[in-house]
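Taking it in order: structure first as structure tokens, then the write-up.
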Amino acid sequence: MIRNDLKKSVFLFFAALPLCGFVFPSSKKNLIPRENISEQEYVTKGLNVEESIKLPSANKGKKSYFYKIDPAVLENVYNGSPENLRTAMALMRQNNSNFDESEKVLAFVAYSIMKMVWTSEKITWDAPSVTEDNPYTGALNSVERGVFDYSTGNVDFLTTLLPALVIVNTSADFSVYEPCEKALQSALSMEKDSVLANYLAAVLYEKKKDYATAEKYLEAAYNGASKTEEIALAYSRVLRLNGNLALASSVLEKISTNSSDISVLKQNAYIAFAAGDYESAELYVARVLQQTPNDLEFLLFRAKILVEKKDYIHAVSLLDMYARQDSSSIEYLVLRAQVQLDWSKNTTAASETVEKALRLYPDNPDALMFAARISSETDSPVAGKYADELAARVLEQRPGNQEAMTYALDGLIQRENWQEAYSASKKLISAGSVSSAVVEKFVKVCLKLGKKNEAYEFAKSMYDANPSDETLLQAYILAYSQVGTRDAVVKYIDSLMNSASPKLKSYLYYRRSYLQLTEEKSLADLRSSLISNPRNSDALFRLYELYYTKQDYRKAQYYLRQVVAINPNDSSIKKLNEALTKLIQ
């Protein structure tokens, strides 16, 4: 009975259509009237999305909904830039002062695009009154609700594109990403030079953090409308994120007609910070805060700049001010932990803060990275994980990140996982990270694995390429002492003594102490090492080892306590000192 009533209703609806002046394309299917509802709502109501009202195709030989409208007007709307939309409306008014229904719909579409996408632009025409029983206005109404409209039929460029406008609606969630991507790719296959379609695609990929793809689409949009503020700001932002700071700054300069424009000031601040120009960044931030003193984002950004400048006193003051409004943001927590570690030298407090950050944001790469840093510096777990485990989680999100790869290597070395450390160091080197610190670690790992010749050849090649680097020289001497004869190595070390800096001379004495044939001469070299550099923790630790072996625990502890003082965050050294204290008692 219900099905029969539905059939009657559908029959009466279609019977009335000719009286309304609406003509549908011929079809063997009965079409269900289109409502402004989502795909899910169609399913809930037992309707078929495929059976929503479909307009005639815009292909050649077939009439489209806008077939009466000047093609030049349509092309300008399809382009979708602010200037092209204004041109389209001017042409339409010029051709006809009294709009028919299709012209009203097109004017409403152009008005809505300006209102939703190009918010900085002035709209030079009024929004006409239109009915909602067409896919164009229906899609726009769905966009305003944060819903992707699946029911437009995708019969032409606008019915395909308009649902994807939801990507600029801040209330829409990530569930719209996939349908928007499909719609935009389809729209761009029809109009590859559409500024609007390229811009929307860029917004989508930026939200997905695919900045390389976003830049490609923004470049196309920018080439078509370089004076549009939304495009220029987005292009500059993505260029900055991709490391192209010079072009990012150049793009901003072209729209900086008003030096007080807050959006431009913010972008310039971020670019200056990324370039390491903290003085300029702080000036831009100060100008932003002059206009918007309650801007918490830039209050915290100013604190971040001050931390980079090592102006911790003023940074802490700003952090305290920010915490009164929000003490749980991830940016605040990571910055607070950094101040606690770098300024207060309070490893415990820094660990507790970053652990709080990880409880609130368990997958945040910045919190994970800082936790890995603390673990690598303290040789102890943070949030139950060691540096290599924490860094591995960062690398899942940021493959190839060299800072994370370095922390991973540190953790593997600390846990004496030499084989994995070897692989990790090889990856770092092949990725182009051949800093002196990485070379030193690689040599150490190779020697632990018995790969003495590999360690020597690599250290020699690196030192030969940069003989002024003392860290590389130290790595070379360490490797050489494992493959060369004792006399040859001692002779080489002695040849460097006279011209060596105090720090290098301290290392040379320390390394020579391992080659001496008597304990007395070894102790003499270690004392000479400390005369050249009293803070040489390697020499101090070597003295601890010698006296501990002799069971002279008092002297051993004397030197070990100095190592603890120099490396207060090293938990393994602290444990040795605690154990020795118990032994003496």
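The values are calculated or read from the model by the stated rules, or taken from the named source; none is laboratory data. From a predicted model like this one, the values you see are computed outputs, not experimental measurements. Backbone-built Cβ (ideal geometry, glycine too); neighbour counts: all protein chains shown. We work out accessible area using only protein heavy atoms, side chains counted, and drop any ligands, DNA or RNA first. Shrake-Rupley method; radii C 1.70, N 1.55, O 1.52, S 1.80 Å.
Miscellaneous remarks
- Sulfur and carbon atoms: percent of accessible area, the chain [1.4 Å]: 49 percent
- Computed from the C-beta positions of SER572 and THR549, the FRET efficiency with R₀ = 30 Å rounds to 0.95.
- In this structure, the pairs whose alpha-carbon distance is over 26 Å, taken from LYS452/LYS555; LYS266/LYS427; LYS441/LYS521; LYS182/LYS427; LYS310/LYS426; LYS444/LYS503, are LYS452/LYS555; LYS266/LYS427; LYS441/LYS521; LYS182/LYS427; LYS310/LYS426.
- Cα long-axis angle, helix 537-549 against the chain (0 to 90 degrees, to the nearest 10): 50 degrees
- Three-way shape label, the stretch 497-585, alpha-carbon gyration tensor, a/c 1.5: oblate
- Distance between the pseudo-spin-label points of LYS254 and ALA488 (7 Å out from Cα toward the beta carbon): 6.2 nm.
- Positive dipole terminus of the stretch 445-585, leading residue within ALA500, GLN551, TYR456 (C-beta point charges): GLN551
- For the chain, the longest principal axis of the alpha carbon atoms and the long axis of helix 229-241 meet at an angle near 30°.
- Accessible area per residue for the stretch 95-238, computed on protein heavy atoms with a 1.4 Å probe, is 41 Å².
- Of the peptides 214-224, 476-486, 393-403, the ranking by mean beta-carbon count within 10 Å, highest at the top, reads 214-224, 476-486, 393-403.
- Residue-averaged 222 nm ellipticity for the chain, from DSSP H runs of 4+ at -39500 (n - 2.57), nearest 500: -21000 deg cm²/dmol
- Annotation: amide H-H contacts under 5 Å for VAL382 (H modelled 1.01 Å from N, sequence separation of 5 or more, or interchain): none.
- Filtered trypsin sites (Lys or Arg not before Pro), the stretch 265-344: DSSP coil and at most 11 other beta carbons within 10 Å: LYS310, ARG324
- Using only alpha carbons, the stretch 378-486 has a radius of gyration to Kirkwood radius ratio (Rg to Rh) of 1.01.
- Judged by the mean number of other Cβ atoms found within 10 Å, the most tightly packed of the peptides 362-369, 167-174 leads the ranking 362-369, 167-174.
- Between helix 402-414 and the chain there is an angle of about 40 degrees, using the helix long axis and the longest principal axis of the Cα atoms.
- Note on GLU219 and LYS207: the model spin-label points, each 7 Å out from Cα along the C-beta direction, lie 2.4 nm apart.
- The chain - charge dipole about Cα centre, Lys and Arg +1 at Cβ, Asp and Glu -1, debye rounded to 20: 1400 debye
- As a length-normalised measure over Cα pairs under 8 Å and 6 or more apart, the relative contact order of the stretch 211-351 settles at 12 percent.
- Rg ratio (alpha-carbon, reference 2.2 N^0.38 Å) - the stretch 241-340: 1.10
- When restricted to Cα atoms, the stretch 316-470 yields an Rg and a Dmax of 17.7, 59 Å, respectively.
- At q = 0.10, 0.24 Å⁻¹, base-10 log of I(q)/I(0) for the stretch 429-534 (Debye sum, equal scatterers on each alpha carbon): -0.28, -1.35
- Full-stretch length increase - LYS227, GLU279 - with 0.36 nm per residue and alpha-carbon distance subtracted: 15.9 nm
- Tail fraction, Cα-Cα pairs, the stretch 179-279, threshold 23 Å, whole percent: 25 percent
- FRET efficiency for the ASP320 to ASP363 pair, using the beta carbon distance and R₀ = 30 Å, is estimated at 0.60.
- 3J(HN,Hα) couplings calculated from phi for the stretch 560-570 with the Karplus curve 6.51 cos²θ - 1.76 cosθ + 1.60 (θ = phi - 60°) are, in sequence order, 5, 5, 5, 5, 4, 5, 6, 10, x, 8, 7 Hz; Gly and Pro show x.
- Per residue value of the accessible surface for the stretch 433-559 (all protein chains in place, 1.4 Å probe), Å²: 52 Å²
- For the stretch 534-576, backbone nitrogen atoms closer than 16 Å to the point 7 Å from ARG415 Cα along Cα-to-C-beta are found at 572.
- Extension gain, TYR558 to SER186: 0.36 nm times the residue separation minus the Cα-Cα distance gives 126.5 nm.
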